[in-house]
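Report on one structure; see the data block that follows.
The values are calculated or read from the model by the stated rules, or taken from the named source; none is laboratory data. In this text the structure is predicted, and so the values were computed from the model without any measurement. All Cβ positions, even for glycine, are placed from backbone atoms using ideal geometry, and neighbour counts span all protein chains on display. Side chains included, ligands, DNA and RNA excluded: accessible areas come from the protein's heavy atoms. Shrake-Rupley method; radii C 1.70, N 1.55, O 1.52, S 1.80 Å.
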Amino acid sequence: MVSTPTYIKICMKNIFNIFSGKTYTDAGSSLISPDGEVFSKVFNGYLTQDGDLIQKVGNGFMNMTTGVQSQTGDPFEDEE
């Protein structure tokens, strides 16, 4: 009996922030920064390793702790 290998296709897309110049990789259930920080997907946003919530707002994101929006900065960075 010959078994056929099963492959799982993972669709990834990139999110580019024009303010920081960083490209984040969206792996479905998580978002990975260029320096290896992982943001876990929760509901309609992401949770940082420090517990900050980055919520989807309109066509962008907003860091609920720092108040930084993707239209004016990089909400995935630690800066306020």
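Filter the stretch 67-80 for residues that are among the small types (Gly, Ala, Ser) and either surrounded by 14 or more Cβ atoms within 10 Å (Cβ to Cβ) or outside any loop (DSSP other than H, G, I, E, B) (or both) and give the result.
Selection gives 70, 73.
With the requirement that a residue be surrounded by fewer than 13 Cβ atoms within 10 Å (Cβ to Cβ) and at pLDDT below 90, what does the stretch 25-36 give you?
28
What are the pairs, 6+ residues apart or on separate chains, where a residue within the stretch 7-24 that is modelled with pLDDT of 85 or more has its Cβ under 7 Å from a residue that is part of a loop (DSSP other than H, G, I, E, B) and open to solvent by 60 Å² or more (accessible area, probe 1.4 Å)?
As it stands, the answer is 22/34; 23/34, since those pairs meet every condition given.
Does residue 39 satisfy being among the hydrophobic types (A, V, I, L, M, F, W, C), modelled with pLDDT of 85 or more, touching a strand residue (DSSP E or B) at 6+ places or on another chain (Cβ under 9 Å) and open to solvent by 40 Å² or more (accessible area, probe 1.4 Å)?
No, not satisfied.
Could you tell me whether the stretch 53-66 includes any residue that is part of a loop (DSSP other than H, G, I, E, B), surrounded by fewer than 13 Cβ atoms within 10 Å (Cβ to Cβ) and modelled with pLDDT of 90 or more?
no
Residue by residue through the stretch 42-52, note down the ones that are part of a loop (DSSP other than H, G, I, E, B) and either among the basic types (Lys, Arg) or surrounded by 14 or more Cβ atoms within 10 Å (Cβ to Cβ) (or both).
Those that are part of a loop (DSSP other than H, G, I, E, B) and either among the basic types (Lys, Arg) or surrounded by 14 or more Cβ atoms within 10 Å (Cβ to Cβ) (or both): 48, 52.
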